[in-house]
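The values are calculated or read from the model by the stated rules, or taken from the named source; none is laboratory data. Predicted model only: the values in this text are computed from it and were never measured. Neighbour counts are summed over all protein chains in view; Cβ atoms, including those assigned to glycine, are modelled from backbone coordinates with ideal geometry.
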Amino acid sequence: MFEQTILRFHIYDLFSEIFLYKIDDRQYQQMIDKINKAEEKLGDLVKEIAKVDLSEIRQKFFEKKKSDYLVEYSTLFLTGLGYKPLTPVESKRFFVISGEKIALFKYQDITRFYGSRRLLIKFGDNFVHEPDHISTILAFMSYLVKEEYEIRKENRDLFKILSDEYNFMTTHIISWIPDWANDVINDNRADIFKVVCKNLNNWIEYDYREISRNIPRI
């Protein structure tokens, strides 16, 4: 279980990094280095168990220039255009699809999750993302998994942390990210993020299945 927990931490952390908008050259290169390292160390395992092909993501970024990434990211995620706006922010998507009441509930609930860990959102040097941006949501999931790892090391009771992971997954990941990712995949403007979102969906499907399977055993 320790190896599985470490894997989950790194995969959530990696996808969080990819969806964090990179204007600065140094930050962009750090992201590329993280993708390369993850593929080298975790690629075979995560492909076998979750059908997540990190080599496919690595190759796509290798084929593209940073300017291609910036244009695609801004076109897809920052303009707010399209039949279903692809802005990767939970409350904004729910506002368009379900209305203000649901969007406000989602926003308040996610800030409650952060507050339960006494976390403050760390903003990037060059670009500010919302607390319910996909990058922040995936980063928080990696934080919860890291917390689970520490609890396992100390052989403490897992009920609360696994319950928190399940609740956060169902409320703030499964509830919108797969549907949003499919919209990205089907958008003809997507290239880099078509590949990223396909593999993200495979990962979420796998991890949700594993979390759901383990909950009754707590």
_Within the stretch 198-209, tally of residues that are more than 14 Å from the chain's Cα centre (by Cα) and touching a residue at least 60 places away in the same chain (Cβ under 8 Å)_ = 0
*In the stretch 178-197, how many are in contact (Cβ under 8 Å) with a residue 24 or more places away in the chain, within 19 Å of E72 (Cα to Cα) and part of a helix (DSSP H, G or I)?*
7
_Being within 24 Å of E90 (Cβ to Cβ) and among the hydrophobic types (A, V, I, L, M, F, W, C): is that true of F19 here?_
yes
*Right, G43: free of Cβ contacts under 8 Å to residues at least 60 places away in the same chain and loosely packed, with under 12 Cβ neighbours inside 10 Å or not?*
no
*Which residue, of D157, D179, is at pLDDT 95 or above and out of contact with any Gly (no Cβ under 9 Å at 6 or more places or on another chain)?*
D179
*Confirm whether F15 is assigned to a helix (DSSP H, G or I), touching a residue at least 24 places away in the same chain (Cβ under 8 Å), among the hydrophobic types (A, V, I, L, M, F, W, C) and at negative phi.*
yes
*So is L162 over 13 Å from the mean Cα position of the chain (by Cα) and buried (at least 17 other Cβ atoms within 10 Å of the Cβ) or not?*
yes
_Restricting to the stretch 146-177, give me the number of residues that are within 18 Å of T136 (Cα to Cα) and either part of a helix (DSSP H, G or I) or in contact with a strand residue (DSSP E or B) (Cβ under 9 Å, 6 or more places away or on another chain) (or both)._
12
*Does the stretch 71-87 include one or more residues that are over 18 Å from S135 (Cα atoms) and buried (at least 19 other Cβ atoms within 10 Å of the Cβ)?*
no
*In the stretch 172-190, how many residues are under 16 Å from D68 (Cβ atoms) and surrounded by fewer than 17 Cβ atoms within 10 Å (Cβ to Cβ)?*
2
_Filter result (among the acidic types (D, E) and surrounded by fewer than 16 Cβ atoms within 10 Å (Cβ to Cβ)) within the stretch 1-39_ = E3, D24, D25, D33
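Among helices (runs of 4 or more DSSP H) lying entirely in the stretch 45-119, which contain 1 or more residues that are touching a Phe, Trp or Tyr at 6+ places or on another chain (Cβ under 6 Å) and not β-branched (V, I, T)?
On the way: elements: 54-63, 66-73, 90-97, 100-116.
Because the criterion is at least 1 residues that are touching a Phe, Trp or Tyr at 6+ places or on another chain (Cβ under 6 Å) and not β-branched (V, I, T), the helices (runs of 4 or more DSSP H) in the stretch 45-119 that meet it are 66-73, 90-97, 100-116.
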